[in-house]
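Asker: Sharing a structure with you now.
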Amino acid sequence: MKKTPIILTYVAIALTVAMPAVVPTGAQAGDEDPEKTLIMYYSRTGKSSVVGDALQKELKADVLEIRDTQNRSGTIGFWRSALDSYLDRYADIEPSKPDLSKYANIIIISPIWNWNICVPIRTLISRTDMSGKKLVVFTTANIDIKKYEPYGDDAPFVKRFFRDYLRKKSKAMRDLASASGADIRGHFHVATKDITEDQIRQDTIQYIQQVLCAFSLPSCVTSFVVSR
């Protein structure tokens, strides 16, 4: 029997160590880890991707990009996306049904399109069984969608209109996630207009403790209150 040259053995070991972890999308699955987190995101302009990267580095989570087979780049892509979202359409996404069996905690990141979660993420949630999973949602947009929430019924009509409209959209998102079986633990928003990627990261990191507490992870500092 021939012996494997030592140099080839070293190369094989090096490649094994360097190879990144791959998020499973097929049927093979292991036991769910109560501390294991998966981040799934869609990003048309790259800003939601920055949020995902910041969360991954802080939480040491696995990351899965949701891709849309539709070309949504540029001005035409922007208006197509807004129309599709307004009409509550769905998309052809890849992967179509991610395997979540190893994960107890799920983070979904979506840009806001026409006051809705984006079409690819709506499609993902509607097709994915998240029964028993703890879910946190991050949204991104050029505006702070939560700024209208504090207004009371004595506020000017326009502010009350946007408050009620956004509450309706938020409820629709929660109903969709609840229908998937998810245990919704929080919703956080990152406004991205006219700020740098570093600032997007900093604005995301401020929510880390709340995310840890939402998932009841050991690093949670209990003085933090989870935003729902």
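The values are calculated or read from the model by the stated rules, or taken from the named source; none is laboratory data. Quick caveat, the model's predicted, so the values are computed rather than measured. With ideal geometry, Cβ positions are generated from the backbone for all residues, glycine too; neighbour counts draw on all protein chains shown.
Asker: Quick check: is even one residue across the stretch 70-80 surrounded by 19 or more Cβ atoms within 10 Å (Cβ to Cβ) and either in contact with a strand residue (DSSP E or B) (Cβ under 8 Å, 6 or more places away or on another chain) or in a helix (DSSP H, G or I) (or both)? If you could, list the steps in order and put the result at the bottom.
Answerer: Here is the first cut: in the stretch 70-80, the residues surrounded by 19 or more Cβ atoms within 10 Å (Cβ to Cβ) are 72.
So of that shortlist, the ones also either in contact with a strand residue (DSSP E or B) (Cβ under 8 Å, 6 or more places away or on another chain) or in a helix (DSSP H, G or I) (or both) come out as none.
No; the residues of the stretch 70-80 include none that is surrounded by 19 or more Cβ atoms within 10 Å (Cβ to Cβ) and either in contact with a strand residue (DSSP E or B) (Cβ under 8 Å, 6 or more places away or on another chain) or in a helix (DSSP H, G or I) (or both).
Asker: Follow-up. Against the condition in a helix (DSSP H, G or I), among the acidic types (Asp, Glu) and at pLDDT 95 or above, how does residue 175 come out, does it pass?
Answerer: Working: in a helix (DSSP H, G or I): yes; among the acidic types (Asp, Glu): yes; at pLDDT 95 or above: no.
Criteria not met by residue 175.
Asker: Another question, if that's okay. Just to be sure I understand the filter: pairs with C-beta atoms under 7 Å, separated by 6 or more residues or on different chains, first member in the stretch 83-112 and closer than 18 Å to residue 55 by Cβ, second member of a type in the set (Phe, Trp, Tyr). Which pairs pass?
Answerer: 105/215; 107/138; 109/41; 109/138; 110/42
Asker: Follow-up. Just one of 146, 159, 133 is closer than 21 Å to residue 204 by Cα and of a type in the set (Lys, Arg); which is it?
Answerer: Details: 159 fails: closer than 21 Å to residue 204 by Cα; 133 fails: closer than 21 Å to residue 204 by Cα.
Step by step, each of 146, 159, 133 is checked, and only 146 is closer than 21 Å to residue 204 by Cα and of a type in the set (Lys, Arg).
Asker: Answer yes or no as to whether residue 89 is in a loop (DSSP other than H, G, I, E, B) and either in contact with a strand residue (DSSP E or B) (Cβ under 8 Å, 6 or more places away or on another chain) or on the phi < 0 side of the Ramachandran plot (or both). Write out each step before concluding.
Answerer: Values: in a loop (DSSP other than H, G, I, E, B): yes; either in contact with a strand residue (DSSP E or B) (Cβ under 8 Å, 6 or more places away or on another chain) or on the phi < 0 side of the Ramachandran plot (or both): yes.
Considered against the rule, which asks whether it is in a loop (DSSP other than H, G, I, E, B) and either in contact with a strand residue (DSSP E or B) (Cβ under 8 Å, 6 or more places away or on another chain) or on the phi < 0 side of the Ramachandran plot (or both), residue 89 comes out as yes.
Asker: I would also like to ask the following. Would you mind telling me which numbered condition in (1) touching a residue at least 24 places away in the same chain (Cβ under 8 Å); (2) loosely packed, with under 13 Cβ neighbours inside 10 Å residue 221 fails?
Answerer: For residue 221, the exception is condition (1).
Asker: Further question: Report whether or not residue 126 is out of contact with any strand residue (DSSP E or B) (no Cβ under 8 Å at 6 or more places or on another chain), part of a loop (DSSP other than H, G, I, E, B), without any contact (Cβ under 8 Å) to a residue 60 or more places away in the chain and hydroxyl-bearing (Ser, Thr, Tyr). It would help to see each step written out before you state the result.
Answerer: Details: out of contact with any strand residue (DSSP E or B) (no Cβ under 8 Å at 6 or more places or on another chain): yes; part of a loop (DSSP other than H, G, I, E, B): no; without any contact (Cβ under 8 Å) to a residue 60 or more places away in the chain: yes; hydroxyl-bearing (Ser, Thr, Tyr): yes.
In short, no.
Asker: Does the stretch 90-110 hold any residues that are surrounded by 24 or more Cβ atoms within 10 Å (Cβ to Cβ) and either of a type outside the set (A, V, I, L, M, F, W, C) or farther than 20 Å from residue 186 by Cα (or both), and which are they?
Answerer: Correct list: 103, 105, 110.
Asker: Also: Considering only residues that are touching an Asp or Glu at 6+ places or on another chain (Cβ under 7 Å) and farther than 22 Å from residue 122 by Cβ, which ones fall in the stretch 169-208? Show your work before the answer.
Answerer: Start the filter on the stretch 169-208 by keeping residues that are touching an Asp or Glu at 6+ places or on another chain (Cβ under 7 Å), which leaves 180-181, 189-191, 205, 208.
Of everything in the stretch 169-208, those that are touching an Asp or Glu at 6+ places or on another chain (Cβ under 7 Å) and farther than 22 Å from residue 122 by Cβ turn out to be 205, 208.
Asker: Which condition does residue 185 not pass, out of (1) in a strand (DSSP E or B); (2) among the charged types (D, E, K, R); (3) over 30 Å from residue 96 (Cα atoms), if it passes all the others?
Answerer: Unmet condition: (3).
Asker: So, residue 142, is that one out of contact with any Phe, Trp or Tyr (no Cβ under 6 Å at 6 or more places or on another chain), touching a residue at least 40 places away in the same chain (Cβ under 8 Å), more than 21 Å from residue 89 (Cα to Cα) and polar (S, T, N, Q) or not? Walk me through how you get there before you give the answer.
Answerer: Numbers: out of contact with any Phe, Trp or Tyr (no Cβ under 6 Å at 6 or more places or on another chain): yes; touching a residue at least 40 places away in the same chain (Cβ under 8 Å): yes; more than 21 Å from residue 89 (Cα to Cα): yes; polar (S, T, N, Q): yes.
In short, yes.
Asker: While we're looking at this one, here's another question. Does residue 125 satisfy being surrounded by 13 or more Cβ atoms within 10 Å (Cβ to Cβ) and at pLDDT 95 or above? Break it down stepwise before answering.
Answerer: Details: surrounded by 13 or more Cβ atoms within 10 Å (Cβ to Cβ): yes; at pLDDT 95 or above: yes.
So residue 125 fits the description; yes.
Asker: Here is a follow-up. Those residues that are more than 18 Å from residue 105 (Cα to Cα), among the polar types (S, T, N, Q) and at pLDDT 95 or above, I need them from the stretch 193-228; list them, please.
Answerer: 196, 199, 202, 206
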